[in-house]
Amino acid sequence: MIEVENLTVRFGPRSPLVVKGVGFSVPRGTAFGLVGESGCGKSTVLRAISGLNRNCGGRISLDGQPLEPSRSRSFFRSVQMVFQDPYGSLHPRKTVRSQLIEPLRNQNLPINAHVVEDVLKAVGLDPGLGYRFPHQLSGGQRQRVAIARALILDPPVLLLDEPTSALDVSVQAEILNLLADLQKERGLTYLLVSHDMAVIAHLCSRVAIMSAGEIVEETGIDQIRSGAVEHPYSRRLLSASHAYGKQEQRSIEELISF
Ligand SMILES: Nc1ncnc2c1ncn2[C@@H]1O[C@H](COP(=O)(O)OP(=O)(O)OP(=O)(O)O)[C@@H](O)[C@H]1O
Ligand SMILES: [Mg+2]
């Protein structure tokens, strides 16, 4: 569904490369994780796929079709993004309802009577919340709204950039479970970026480990769980995430049914 070949990204014609020849492919209906330390280029890869950075080289294909440098409107019917901070990505002075129908308006699609209620229910929210403003919601509810907005066009692909890292551990688990359920029910394809191996392990079947703009290793999630990673950087990342997040990780694992 998503094919990235030799992707290079810089932030200006003469700036150094931030992403240095990254490649991976994500089969339809599967979830692929991109993990690595802060600043290694994970978000830059997602933004390049979304067309938010034009200083790119290499090839990106979607469902077998190579993408042109600028993304067409139809691209956003197939691919939507969910960001880390739902407060930042939602408009503070627009109701949930009006933000949810915006993508339909942008695409000149009909706005059916129950579409907002249906999508709110699909993400586990009370349809009555449609009349609230973002500041009248909890952090977890806001992230559910951001997911609802990504789903309203019924796209087959979601690009998820740290979708739970701004949330409390217990709320993180709820959102991860919601994302896992949605993926199963709808056969969605996910490309998930996180610095947290537990988050990746919950949703993804394969993972690419990034360091300084490059993928150093791609492996299955079972190898990650059993610690059977090869590259020294992957091993460091894995042991760091165990040591640092031991307490946190245990509580996530208790809440999540692996
Ligand atoms: N708009 C920009 N202009 C110039 N440099 C940028 C810009 N955005 C990001 N960078 C640089 O590109 C590199 C990769 O950033 P990126 O946001 O992709 O990292 P990340 O892996 O997502 O990190 P984090 O886990 O902290 O979100 C960093 O060195 C960052 O400083
Ligand atoms: Mg990032």
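Here the 3J(HN,Hα) profile of the range 97-113, calculated from phi with Karplus coefficients 6.51, -1.76 and 1.60 at θ = phi - 60°, is 4, 5, 6, 6, 7, 3, x, 5, 4, 4, 9, 6, 9, x, 9, 6, 3 Hz, Gly and Pro shown as x. Each of Ser70 and Gln223 was given a label point 7 Å from its Cα along the Cα-to-Cβ line. The distance between the two points is 4.1 nm. Here the dipole of the chain is about 820 debye; that uses its Cα centre as origin and unit charges on the Cβ of Lys and Arg (positive) and Asp and Glu (negative). In this structure, the amide hydrogen of Leu34, modeled 1.01 Å from its nitrogen in the peptide plane, lies closer than 5 angstrom to those of Leu192, Val193, Ser194, Ala208, counting only residues at least 5 positions away or on a different chain. Between the residues Ser226, Val115, Ile215, the greatest Cα displacement towards the positive end of the dipole of the chain, with unit charges on the Cβ of Lys, Arg, Asp and Glu, is found for Val115.
Does anything in the range 189-211 have its amide N under 20 Å from the 7 Å Cα→Cβ label point of Glu230, and if so which residues? Label zone hits: 205-211.
Taking label positions 7 Å along the Cα-Cβ direction at both Ser15 and His135, the computed distance is 3.2 nm, reported to one decimal.
Could you tell me whether the chain comes out rounded, prolate or oblate from its Cα gyration tensor? Rule is a ≥ b ≥ c as square roots of the eigenvalues, rounded for a/c under 1.5, then prolate if a/b exceeds b/c, otherwise oblate. Taking the square roots of the gyration eigenvalues as a ≥ b ≥ c, the chain is oblate. Straight-line cross-link reach from Lys20 at under 19 Å between alpha-carbon atoms covers these aspartates and glutamates, not counting any fewer than eight positions away in the same chain: Glu3, Glu5, Glu37, Glu214, Glu217, Glu218. Counting only aspartates and glutamates at least 8 places from Lys121 when in the same chain, those with an alpha carbon closer than 16 Å to its own are Asp154, Glu174, Asp181, Glu185. Annotation: amide H-H contacts under 5 Å for Gly21 (H modelled 1.01 Å from N, sequence separation of 5 or more, or interchain): Leu7, Thr8, Val9. The alpha carbon gyration tensor of the range 191-234 gives principal lengths a ≥ b ≥ c with a/c of 1.5 or higher and a/b no greater than b/c, which makes the shape oblate.
Bear in mind that the values in this text are calculations on the coordinates, not laboratory data. Every value quoted in this text rests on a predicted model; they were computed, and no experiment measured them. FYI the Cβ positions are ideal-geometry reconstructions off the backbone, even for glycines, and counts take in every protein chain you see.
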